[in-house]
Structure formats: C-alpha cells, structure tokens
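The values are calculated or read from the model by the stated rules, or taken from the named source; none is laboratory data. Fair warning: this is a prediction, and the values are worked out from it, not measured in the lab. Counting neighbours? That spans all protein chains shown, and the Cβs are built from the backbone with ideal geometry, glycine included. Note: accessible area is taken over every heavy atom of the protein model, side chains too, but ligands, DNA and RNA are not part of it. Shrake-Rupley method; radii C 1.70, N 1.55, O 1.52, S 1.80 Å.
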Amino acid sequence: MKLYSTNNKDLRVSFQEAVFNSLPADKGLYMPEDIPSLDAAFIRNIQQYSLREIAFEVAHTLIGDDIPDHDLKAIIADAINFDAPVRFLDAETAVLELFHGPSYAFKDFGARFMSRVMGYFSKQGDQLLDVLVATSGDTGGAVASGFLGVEGTRVTILYPKGKVSKVQEEQLTTNGKNIRALEVDGTFDDCQALVKTAFNDVDLNKALRLTSANSINIARLIPQTFYYFWAYAQLKSQGSSEVVFTVPSGNFGNIGAGLLAYKMGLPVTHFVAGTNVNDTVPRFLQSGSYDPKPSVQTLANAMDVGNPSNWVRIQDMFHNNLEELRSMISSYTYDDEQTVKAMEELYDKYQYIACPHTAIAYLASNQYRQDYPGTYASVFLSTAHPCKFPDAISQEVFAKIELPKGAEELAGKQKLVTEIPVDYEIFKSYLLVNN
Ligand SMILES: *Cc1c(COP(=O)(O)O)cnc(C)c1O
C-alpha cells in the first residue's frame, strides 16, 4: 500500500510511514494512491462470512503485502474481539451498535487496530514509542484500552479535570501498566495545546520517540470500514439489498470510512451525516462554500467539531466535486433540545436508551426517509453506550440503563492519576523525569 498527501499527489509514502507520522509534513491527509475494489464474488456472498473474516478480506485488499496475511489475521483477531450487531427497532428502523468494545464506543475499532499495527511495526530494540493523546472523553478511553499491554508502547493521556463523565474518567485512570493519565486543571483545548507544543519541542523529540494517536491516522480509518461491510452482511442475510447508513458525525472519520467502503465496492445507496449545531458540513453541502467556525459545546460533545479534519479526505474521494458529493451524502443538523426529545422518543417508542450522538443519527435517518422515501433498509449508527453520557439523560431513565460487562468492576478499580496545571514546562518535566 502506498499513500499520497491530499496536498501533494506526487508524494508517496509506505503504510508504515503513514501510521507513525499520522500527518504528512504539508498538513494534508494521507490517502491510498488507489482505492482497490473488493472481489465481487466476496461481496455477493458476504453473508457467509464472520466479522473477522470480512475484516481480514477488507484490510488485506487495502494494505496488500505490507503486513503478511498470517500477522494481519492475528492483529485482527486480537483487535476486533467484540461484535457490532444490527438491531431492528421496528420493521424499518435498524441500529448498528458499535459500542460493544472495551471503552463502550466505536472508537475501539480504530484504536485497537492502530495500536496493534504500531506494535507490529515497532521492531525489537527500537526506542519505546511514546503516544501522547489529549481527550475530551471518548478518544482517551479507546486509546488507553487499545494500547494497554501493547509491547514497545507507552501512552500518556491528558484530560480536562472535572469535564469528563464518571465512566470515562474510570476508563482513563484505572489501566496502569503502560498507560498514564494526567488530569489537567484546564479545558480540552488546554490539553490539546500542551500535546501540540510537545510535538513541536525539538529537545523533547530528541529524548523521546513521540507519536500521536490522532483520529486522522490511516490505521484508525481502515478498521472503521469493517463494520459497514459487516452490517451489510447482516442485512443481506435478512433479505435487504439496498441500504442507507446514517452516521452521527464530528470529525467525519466514521462516515469517511463508510465512504471508503463504498468506494471499495460496498453497495450502499446513500450516506446521511447527522450533526449537532456544529454544522460546517451541512452548510457546505447546502451552499457550496466551506466556512468552518469555532466549535460550540453541546450534549453530543464527541461531535463538537467546528472544522472536521477528515472532510478533506471525503472531498478527495469525490474529486472535490460538489455535485458528486451531494449525490452520495446528505446532512442534517440538530440542537440540544431536539436531541433530548429524540432520546425520549427512542425510549418511549422502543424502550431503547441511546446516547445523544446516536439520537442525532436517529433524527437524521428519519428526516432522510421522509425526504427521500424508498425501499432501502435504513440503518443508523450507535456510536457509544448511553452510560458514558449521564448529563444528557434524565436520572430516572439513567437508572434503568443496563451497564455493560465490566462497568461495575471498573468503578472498584484503583485510580492512578497525576494532576498538573496548564503549564508546558511542568508537563515536559513530567515526561522527562518519568522516562
Ligand atoms: C468520536 C465520536 C463521534 C464522532 O465521530 P467522527 O468520526 O469524529 O465523526 C460520534 N459519537 C461518539 C460517541 C464519538 O465518540
């Protein structure tokens, strides 16, 4: 597999280089030089295969010989060790549940696969790989559990004090081993600024081998294609052949992976992006002018993104052509009040407790069906378990949530966390002293 930069199509780097660098120096994004098609017979018979078999076929087709089959199979078996079931709420409403991994959010797919690929490419005798990550909640938990115990790696997570939920904090701070948590007395933006400064610090980069677990890493995008194929396989075995996916979107990595799956030959009729009031993409699809704004805080806070970093990739896949984009992607936007109402409706109508991100996808999928009725199966993606977002759910309903396996043990585990102020020199000396 060779990759170019969306800012320089003449550039070519190896998969390994793209994985360790995350971003090309020209600040574009890495894209495969050509997007290979999956074997047509495989797609025709896809309902015969398991999630892991599908994952291997897709990853192998994309990555080629950069990871030998035997090793790639082992990486997938280890990374994708949980299911992504399609559940029908009624005859025409289906939800693809992506929260059955260890951090109860879809980011487990990306983080678990990427961590194992980085571990695989880190040869024995290499300097320890130091992964720095700033999180507003969901990314950190997925990265922590993804890298836990992966040899040759060490993770430092920065999160804003008092601004993540109880379950999220437990997922960040109870790992031990090669995972360290820093509670920063500031905001998510402060955490991000500290990490950014560290990456640009020449001194520090001499002492440590730093890398980011950034959501734009190509090794996080690839595994997110797996569950689109897997959902299609499940629908096909139920007799559906046309499908519309609705994806709750922030940085547009998730839906970007769906579009990559489509470009590889997955027969999808249309994609719908649901956003909160951070509506840069829906405004763009409407007006044709891309006009990013500072992010606004909402209940669906994992989607509070004013300038979605993966959008460039999507534009690239559609040749920067607005009409081509519009023919395959629709987008709708919702405020907090509508989100809460949708969560209530899901509960009243289906006794289904959804997180706010999922509720936005539900609204957008209903809206699209109303605007464009058809015979397709309509599937919206559930990106996180509701237990991670207590502030968005009434106490009465929250009390009824069935906690996922492991959530109770998590609460009993010892917290290991170091508190730091928003001060780069203190952060830097923490990294150097604890090396
Ligand atoms: C990260 C996240 C999203 C947004 O996904 P993108 O790939 O950034 O569009 C949606 N829901 C949840 C729960 C998330 O953690």
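One table, with the values for the structure above:
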read-out	value
Of the DSSP H helices in the chain, those whose Cα atoms cover at least 24 Å axially and whose Kyte score averages 0.0 or more	218-237
For the range 408-419, Karplus couplings with θ = phi - 60° (6.51, -1.76, 1.60), whole Hz, Gly/Pro x	6, 4, 4, 5, x, 6, 6, 8, 10, 8, 10, 8
Sparse-neighbour loop sites [trypsin sites (Lys or Arg not before Pro); the range 344-435; at most 15 other C-beta within 10 Å; DSSP]	400, 405, 413, 415
About the Cα centre, charge dipole magnitude for the range 116-215 (Lys/Arg +1, Asp/Glu -1 at Cβ), debye	280
Residue 270 - accessible surface, heavy atoms, 1.4 Å probe, Å² rounded to 10	10
Relative contact order of the chain, pairs being alpha-carbon contacts under 8 Å that are 6 or more residues apart, as %	18
Accessible surface ranking that places the most exposed of 385, 70 first, with a 1.4 angstrom probe	70, 385
Dipole of the chain, positive end: most advanced residue of 418, 109, 60 [Cβ charges, Cα centre]	60
Residue 26 accessible area, assembled protein chains, probe 1.4 Å, Å²	60
Calculated P(r) tail over 16 Å for the range 138-230, as whole % of Cα pairs	62
Placed amide H near residue 129: partners under 5 Å, 5+ positions off or other chain	153, 154
The chain: equivalent-ellipsoid semi-axes (sqrt of 5 x gyration tensor eigenvalues, Cα, Å)	31, 26, 22
Dipole of the chain, positive direction: furthest Cα of 347, 140, 3, with charges on the beta-carbon	3
Residue 333 long-range amide H proximity, modeled H, under 5 Å	275
Other-chain or far-sequence residues with amide H under 5 Å of residue 181's (modelled H)	157, 418
Selection from 333, 357, 381, by position along the positive dipole direction of the range 322-435 (Cβ)	381
Charge dipole magnitude, Cβ of K and R +1, D and E -1 - the chain, Cα centre, debye nearest 20	540
Most fluctuating residue given options 97, 409, 17, as computed from a GNM of the chain linking Cα atoms under 10 Å	409
For the range 1-80, size of Cβ-based charge dipole, Lys and Arg +1, Asp and Glu -1, in debye	220
Contact order normalised by residue count of the range 222-360, Cα under 8 Å, 6+ apart, percent	25
